[in-house]
Amino acid sequence: MKIAVLKETRAGENRVAITPQVAKSLIQMGNEVVVESGAGSGSHFSNEMYAEAGATIVDRGSMTDAAMYVQINMPEASVAKTLPKGSLWVSLMYHRSHADLVSSFNTEGLSVLSLDAIPRISRAQSMDVLSSQANLAGYRAVIEGAYHLDRIFPMLMTAAGTVTPSKVLIFG
């Protein structure tokens with residue numbers, strides 16, 4: 001199966017749907033992976049890293065014959081018209097609040113796998129993007145909060161004395 005990894009188009013988005021390590025695993029399973037040039041740059045994955053993993057680097061216009069297209073964020077509805085009929089789109093789609101977007105893909109003869117609809121159960125845990133991304137966001141929130149706090153964050157016990165830890169409440 002030919003899998004196309006698209007570069008994110010949303011402003012400020014640095015994630016990539018498939019890392020070079022995952023691309024290598026997919027290739028070892030007999031798949032072909034094509035990566036849009038620069039798709040991993042926001043996550044510090046160079047085109048060379050993908051090429052070393054066995055993926056082919058192409059421009060977006062050359063990604064017209066894949067069986068599966070993967071991206072993190074929702075696409076524009078116009079993307080559906082550019083994909084081959086019978087292919088699969090995989091990304092966060094928020095299908096309940098964007099049913100019209102899913103319908104536009106289905107109208108064009110495309111299947112959609114909405115990553116946010118994968119159930120949060122043990123068997124599907126490795127594919128649960130919502131929990132993993134929320135976990136990372138929570139971790140980042142603590143780091144950002146510690147950076148902006150005007151006192152020492154952790155508890156320190158030294159010969160000079162003890163500094164009590166900060167109390168923090170994170171919403172979200």
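The values are calculated or read from the model by the stated rules, or taken from the named source; none is laboratory data. Worth saying up front: this structure is predicted, and the values here are computed from it rather than measured. We place every Cβ from the backbone using ideal geometry, glycine too, and count neighbours over all the protein chains shown.
So that you can scan it fast, the table gives a plain yes or no per residue for (1) farther than 28 Å from Val35 by Cα; (2) in the same structural domain as Lys7 (by TED's automatic domain parsing); (3) in contact (Cβ under 8 Å) with a residue 60 or more places away in the chain:
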{"residue": "Leu92", "(1), (2), (3)": "no, yes, no"}
{"residue": "Ser104", "(1), (2), (3)": "no, yes, no"}
{"residue": "Glu108", "(1), (2), (3)": "no, yes, no"}
{"residue": "Ser131", "(1), (2), (3)": "no, no, no"}
{"residue": "Ala137", "(1), (2), (3)": "no, no, no"}
{"residue": "Ala159", "(1), (2), (3)": "yes, no, no"}
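Do we find a residue being assigned to a helix (DSSP H, G or I), of a type in the set (Phe, Trp, Tyr) and in the same structural domain as Thr107 (by TED's automatic domain parsing) anywhere in region 47-60?
Scanning region 47-60 turns up at least one residue that is assigned to a helix (DSSP H, G or I), of a type in the set (Phe, Trp, Tyr) and in the same structural domain as Thr107 (by TED's automatic domain parsing).
Counting only residues that are surrounded by fewer than 23 Cβ atoms within 10 Å (Cβ to Cβ) and in a loop (DSSP other than H, G, I, E, B), how many does region 16-29 have?
Matching residues across region 16-29 total 2.
May I ask you to list the residues in region 61-77 that are exposed (fewer than 13 other Cβ atoms within 10 Å of the Cβ), assigned to a loop (DSSP other than H, G, I, E, B) and not acidic (Asp, Glu)?
Correct list: Thr64 only.
For Ala39, are the conditions met, namely being over 13 Å from the mean Cα position of the chain (by Cα), at negative phi and assigned to a loop (DSSP other than H, G, I, E, B)?
So Ala39 does not fit the description; no.
Which number in (1) at pLDDT below 90; (2) under 30 Å from Gly61 (Cα atoms); (3) of a type in the set (Asp, Glu) marks the one condition that Glu108 misses?
Status for Glu108: all satisfied but (1).
Can you pull out every residue in region 142-155 that is among the hydrophobic types (A, V, I, L, M, F, W, C) and within 15 Å of Lys167 (Cβ to Cβ)?
Matches in region 142-155: Val142, Ala146, Leu149, Ile152, Phe153, Met155.
Go through region 115-164 residue by residue and tally those that are surrounded by 12 or more Cβ atoms within 10 Å (Cβ to Cβ) and assigned to a loop (DSSP other than H, G, I, E, B).
4
Looking at Glu48, Glu13, Glu52, Glu32, which one is charged (D, E, K, R) and either closer than 13 Å to Trp89 by Cα or surrounded by 15 or more Cβ atoms within 10 Å (Cβ to Cβ) (or both)?
When all the criteria are applied, what remains is Glu32.
Among the residues of region 68-82, which ones are farther than 15 Å from Lys7 by Cβ and touching a strand residue (DSSP E or B) at 6+ places or on another chain (Cβ under 6 Å)?
Passing the criteria: only Met68.
Could you grab me the full set of residues in region 78-96 that are more than 19 Å from the chain's Cα centre (by Cα), hydrophobic (A, V, I, L, M, F, W, C) and outside any loop (DSSP other than H, G, I, E, B)?
Ala80
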